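The values are calculated or read from the model by the stated rules, or taken from the named source; none is laboratory data. Remember, it's a predicted structure, so these values are computed and weren't measured experimentally. Backbone-built Cβ (ideal geometry, glycine too); neighbour counts: all protein chains shown.
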Amino acid sequence: MKEDRRRNYSTPAKTSHQQAMNTAVRILTNRDHSKYELKQKLQQRGFESNVINTVIVECERFNYINDKRTADVYISQLKRKGFGKRYIRKALRKKRLSGTAIENILQKNYPEADEHENAGKLLEKRMKMFEREADLKKRREKMYRFLYSRGFSATLISALIRNFVK
């Protein structure tokens, strides 16, 4: 039974396109992907570039892939996990999601007040760890490095550290 499904049937162009479309739909059922990610995954599976391009156009037409929606969901996930705008921008560029539309989504979904609040919550959560450090200068440096690695801006971090460490 399994051998029948794996057999390559006569019209390869039609089955190749249909196989690529089925693969794309299966990939997209798990989570949203950007056009670039979907293209990479289809290339890894050995589909031809012209077939991949037509599949991507069809997926866009059916609204299976939408880079703005993908960016919106991804920004929300990273925001919930406690990352700053700098980290989120970097992660979006890695997924090849960039441009003015994506930047507008980031500004709308993650205003400065929310970023400040998230950074404050992270510091409060990790305060016991930072308080183990007796030297005040080293404590500030550790707090700074921690928040900077999470993608928060230097000015925001400096303001928060001034409030937390007295």
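Just one residue in the set Lys142, Lys138 is more than 25 Å from the chain's Cα centre (by Cα), under 29 Å from Ile75 (Cβ atoms) and at pLDDT 90 or above; that residue is Lys142.
Whenever a residue of the stretch 25-41 is within 21 Å of Ser98 (Cβ to Cβ) and among the aromatic types (Phe, Trp, Tyr), its partners that are surrounded by fewer than 17 Cβ atoms within 10 Å (Cβ to Cβ) and at pLDDT below 90, lying with C-beta atoms within less than 6 angstrom and at least six residues away or across chains, give the pairs Tyr36/Arg96.
Among the criteria (1) under 24 Å from the mean Cα position of the chain (by Cα); (2) in contact (Cβ under 8 Å) with a residue 24 or more places away in the chain; (3) assigned to a helix (DSSP H, G or I); (4) closer than 27 Å to Ser34 by Cβ, the one Lys108 does not fulfil is (2).
One residue is enough: does the stretch 61-71 have a residue meeting the conditions crowded, with 17+ Cβ neighbours inside 10 Å, under 20 Å from Arg150 (Cα atoms) and modelled with pLDDT under 95? Within the stretch 61-71 (the criterion being crowded, with 17+ Cβ neighbours inside 10 Å, under 20 Å from Arg150 (Cα atoms) and modelled with pLDDT under 95), the answer is yes, since at least one residue qualifies.
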